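K.L.:
Please find one structure pasted underneath; my questions will follow.
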Amino acid sequence: MDDKAKKDFFERIYKEIFPIVIKVSYRITKNLDAAQDVCQEAFIKLYNRVETFPEVEDAKFWLIRVVKNLSFNYLEHEKVKNRAFDKIKHLPSFSDDTGEKQLLKKDAVEKVNKALDQLPENLKAPLILREFGGLNYKEIGAALGISESNVKIRIFRAREALGKLLPVGEVYVP
């Protein structure tokens, strides 16, 4: 593949797939800067390997898998870094926003994030790809290297587990 073809192929992949992978990474890392860094690293890896992908779909699934793995690696790295700051992390946070709705929304987001964090990775990843990445079951299966029926089962189990962790009436839904 010549340089122009490589550049055109890469730009096409970037335009098509970046919106998906940034959502996936952000949902996993819960940090926009980290998600952008992860996606940048993944696209650099893709650019260096772009000749190995005959189709955009192949590159898409490879890239989603790389972003997912890099995002979870980022989380592990952050856990190691933050062990020294555990005491500070438990101090109450103060906000200038005192509106009741904002507090309820913040509380709901925290509860949902805590519940998601309690799910095992094999249930969390497909659910995040489905709900926040907007991928269909077939695409999720290709990205994670599992069958479409296995994706459906994992998403069902993840939703079921979230239902148990978030009883009706305990989370504010605007």
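K.L.:
Let me confirm something: among A143, A161, which residue is over 16 Å from R65 (Cβ atoms) and of a type in the set (G, A, S)?
P.N.:
Selected residue: A161, the only one of A143, A161 that is over 16 Å from R65 (Cβ atoms) and of a type in the set (G, A, S).
K.L.:
Which of the residues spanning segment 26-46 are touching a residue at least 40 places away in the same chain (Cβ under 8 Å) and either part of a helix (DSSP H, G or I) or in the same structural domain as P126 (by TED's automatic domain parsing) (or both)?
P.N.:
Result: Y26, R27, I28, T29, A34.
K.L.:
Still on this structure, I have one more. Within the bounds of segment 47-56, is there any residue that is part of a helix (DSSP H, G or I), surrounded by fewer than 16 Cβ atoms within 10 Å (Cβ to Cβ), modelled with pLDDT of 90 or more and not assigned by TED's automatic domain parsing to the domain that holds E131?
P.N.:
No, because not a single residue in segment 47-56 is part of a helix (DSSP H, G or I), surrounded by fewer than 16 Cβ atoms within 10 Å (Cβ to Cβ), modelled with pLDDT of 90 or more and not assigned by TED's automatic domain parsing to the domain that holds E131.
K.L.:
So which residues in segment 6-25 are aromatic (F, W, Y) and either out of contact with any Leu (no Cβ under 8 Å at 6 or more places or on another chain) or free of Cβ contacts under 8 Å to residues at least 12 places away in the same chain (or both), if there are any at all?
P.N.:
Across segment 6-25, the qualifying residues are F9, Y14, F18.
K.L.:
Another question, then. Considering only segment 67-75, I want to know if a residue exists there that is buried (at least 21 other Cβ atoms within 10 Å of the Cβ), of a type in the set (A, V, I, L, M, F, W, C) and touching a residue at least 60 places away in the same chain (Cβ under 8 Å).
P.N.:
Looking through segment 67-75, none of the residues is buried (at least 21 other Cβ atoms within 10 Å of the Cβ), of a type in the set (A, V, I, L, M, F, W, C) and touching a residue at least 60 places away in the same chain (Cβ under 8 Å).
K.L.:
Quick one: which of K138, K105, K101, K111 is of a type outside the set (A, V, I, L, M, F, W, C) and closer than 16 Å to I153 by Cβ?
P.N.:
K138
K.L.:
Related question: Working only within segment 125-161, note down all residues that are touching a residue at least 40 places away in the same chain (Cβ under 8 Å), surrounded by 18 or more Cβ atoms within 10 Å (Cβ to Cβ) and not acidic (D, E).
P.N.:
A125, I128, L129, G133, L135, A142, A143, L144, A161
The values are calculated or read from the model by the stated rules, or taken from the named source; none is laboratory data. Computed from a predicted structure; not experimentally measured. Cβ atoms come from the backbone with ideal geometry, glycine included; neighbour counts cover every protein chain shown.
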